[in-house]
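Undergrad: Dropping the structure in here first, questions after.
The values are calculated or read from the model by the stated rules, or taken from the named source; none is laboratory data. Since we're looking at a predicted model, the values are computed, not measured. Here the Cβ positions follow ideal geometry from the backbone for every residue, glycine too, while neighbour counts run over all protein chains shown.
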Amino acid sequence: MNLHSTYNNDINLIAVSETRIDSGVAIRFKDLMRSLTETGPDHVILDLSAVTFIDSSGLGALVGALKQMPTGKRLELAGLTRDVAKVFRLTRMDTVFTIHADTTHCLSRAAG
Amino acid sequence: MGAAKAAETGSGSASGDSSGSDRGSGDPPTRATKGKLTLRFSGATDNIRAALRQARRHLASLPVPEDRLATIELVLAEALNNVAEHAYAGTRPGPVTLNARHDGDRLCIVLRDMGRPLPGLVPPIGTPPDVNRPVDDLPEGGFGWFLIRDLTDHVDYVRHGSENRLTLEFSTP
């Protein structure tokens, strides 16, 4: 499980550089998210554009990552691929998270 | 040990006389295996990815639309997660057999394991996650059965002796 965090215009942009968030990596993903969001900007955007598969364990880990965010910080998502977006819709998790179409859009808006 | 990858150690043998045609190489199934697949692997979480990869490679050789493949893979993932996390929970992972058969516009997948039976011997109804609650109370799991039910056309479960047999059917227009 590889996550890459970069700070950009007061945004902690975390890119998932794996194609799958599933039961095999769910716990590791949640642990990595905790350490990457402990410090740095309060506004965290998770870039999911490389992820083509997520199961309910992976979705649960994303919810876990949201719940463990330090007070005052917020976690948003960006770049959901077709199949990942479908799982979000089915489980109505698209109503829980703020979801951006892509990261370029939110980074430039933050800068402007 | 028990966590060896299914693609490498599980017999990727397809049914019929073309054993091994689905093994790792990316070769399409031969005519003899067209429409049918059998995978055997140990029911540990670490084996699920490889099993799904093999199943998807096989299904991609059938006249099944791409978006249906994603749906089927997700349902299989949820069902196999349940086997690893519940049927074989706390025990040494036992065997899992996956059989897929495609007839015209219908795909039928049967999963067999030798783990604990489903509680009450019936597959859970599966309710969608309750998202209308404060963030701290949001569920972090427990909606695998909802996805299985929602994304299949028919689900059937039988406890046959000490074997669990879960049948998942999909229409593949």
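Undergrad: Would you mind listing the helices (runs of 4 or more DSSP H) fully within region A:1-108 where at least 2 residues are of a type in the set (Lys, Arg) and more than 11 Å from chain B (Cβ to nearest Cβ)?
TA: Because the criterion is at least 2 residues that are of a type in the set (Lys, Arg) and more than 11 Å from chain B (Cβ to nearest Cβ), the helices (runs of 4 or more DSSP H) in region A:1-108 that meet it are A:26-37.
Undergrad: Here's another thing I want to ask about it. Tell me which residues, restricted to region B:116-166, are hydroxyl-bearing (Ser, Thr, Tyr), over 13 Å from B:GLU78 (Cα atoms) and touching a residue at least 24 places away in the same chain (Cβ under 8 Å).
TA: B:TYR157, B:SER162
Undergrad: How about region A:38-75: which of its residues are in contact (Cβ under 8 Å) with a residue 60 or more places away in the chain and more than 11 Å from the chain's Cα centre (by Cα)?
TA: A:HIS43
Undergrad: Look through region B:60-84, keep the residues that are part of a helix (DSSP H, G or I) and more than 12 Å from the chain's Cα centre (by Cα), and return whichever of them is farthest from the other protein chains (Cβ to nearest Cβ).
TA: B:ARG68
Undergrad: What do you reckon, is B:PRO123 within 16 Å of the chain's Cα centre (by Cα), more than 23 Å from B:HIS58 (Cβ to Cβ) and away from chain A (no Cβ under 14 Å)?
TA: Judged against the criteria, B:PRO123 is a match.
Undergrad: Sticking with this one: For region B:126-166, what are the residues that are assigned to a loop (DSSP other than H, G, I, E, B), within 10 Å of another protein chain (Cβ to nearest Cβ) and surrounded by 13 or more Cβ atoms within 10 Å (Cβ to Cβ)?
TA: Matches in region B:126-166: B:PRO128, B:PRO129, B:VAL131, B:LEU138, B:PRO139, B:GLU140, B:GLY141, B:GLY142, B:PHE143.
Undergrad: Has region B:60-71 got any residue that is at pLDDT 95 or above, buried (at least 23 other Cβ atoms within 10 Å of the Cβ), closer than 23 Å to A:VAL87 by Cβ and of a type in the set (Val, Ile, Thr)?
TA: No: region B:60-71 contains no residue that is at pLDDT 95 or above, buried (at least 23 other Cβ atoms within 10 Å of the Cβ), closer than 23 Å to A:VAL87 by Cβ and of a type in the set (Val, Ile, Thr).
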